[in-house]
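> Mind having a look at this structure? Questions to follow.
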């Protein structure tokens with residue numbers, strides 16, 4: 001979980017953006033928008049949710065494994081590689 005006020009604010013901003021996208025999706029469905037438009041909005045929501053998940057996971061991984069100054073450069077590199085892999089998977 002994001003622990004600093006800045007990280008928490010960033011995550012909450014993402015959540016609010018996703019809420020706005022979902023509200024727009026709901027309005028599109030209620031108004032009978034074209035399927036293409038609805039699918040595009042669903043894909044945008046999915047991308048935003050995946051981005052949020054990646055950000056929260058990155059925060060968790062860094063808090064768990066990367067806070068100890070005694071870790072070697074190799075451990076820090078492994079943490080960075082893991083985060084990069086998670087972000088690539090969630091795209």
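> Only one of 3, 59 is assigned to a loop (DSSP other than H, G, I, E, B) and within 24 Å of residue 80 (Cβ to Cβ); which?
That would be 3, the only listed residue that is assigned to a loop (DSSP other than H, G, I, E, B) and within 24 Å of residue 80 (Cβ to Cβ).
> Within region 41-50, restricting attention to residues that are in contact with a helix residue (DSSP H, G or I) (Cβ under 7 Å, 6 or more places away or on another chain) and within 28 Å of residue 65 (Cβ to Cβ), which residue is surrounded by the fewest Cβ atoms within 10 Å (Cβ to Cβ)?
Here the answer is 49.
> Would you confirm, using the coordinates I've provided, whether residue 79 is surrounded by 15 or more Cβ atoms within 10 Å (Cβ to Cβ) and either modelled with pLDDT under 95 or not in a helix (DSSP H, G or I) (or both)?
yes
> A follow-up question, please. Do we have residue 38 as surrounded by 14 or more Cβ atoms within 10 Å (Cβ to Cβ) and at pLDDT 90 or above here?
yes
> Within region 21-34, does at least one residue satisfy the condition of being touching a residue at least 40 places away in the same chain (Cβ under 8 Å), surrounded by fewer than 16 Cβ atoms within 10 Å (Cβ to Cβ), assigned to a helix (DSSP H, G or I) and out of contact with any helix residue (DSSP H, G or I) (no Cβ under 9 Å at 6 or more places or on another chain)?
Checking region 21-34: not a single residue is touching a residue at least 40 places away in the same chain (Cβ under 8 Å), surrounded by fewer than 16 Cβ atoms within 10 Å (Cβ to Cβ), assigned to a helix (DSSP H, G or I) and out of contact with any helix residue (DSSP H, G or I) (no Cβ under 9 Å at 6 or more places or on another chain).
The values are calculated or read from the model by the stated rules, or taken from the named source; none is laboratory data. Keep in mind that this is a model prediction, so the values were computed, not measured. No Cβ is skipped: glycine too gets one built from the backbone with ideal geometry, and neighbour counts run over all protein chains shown.
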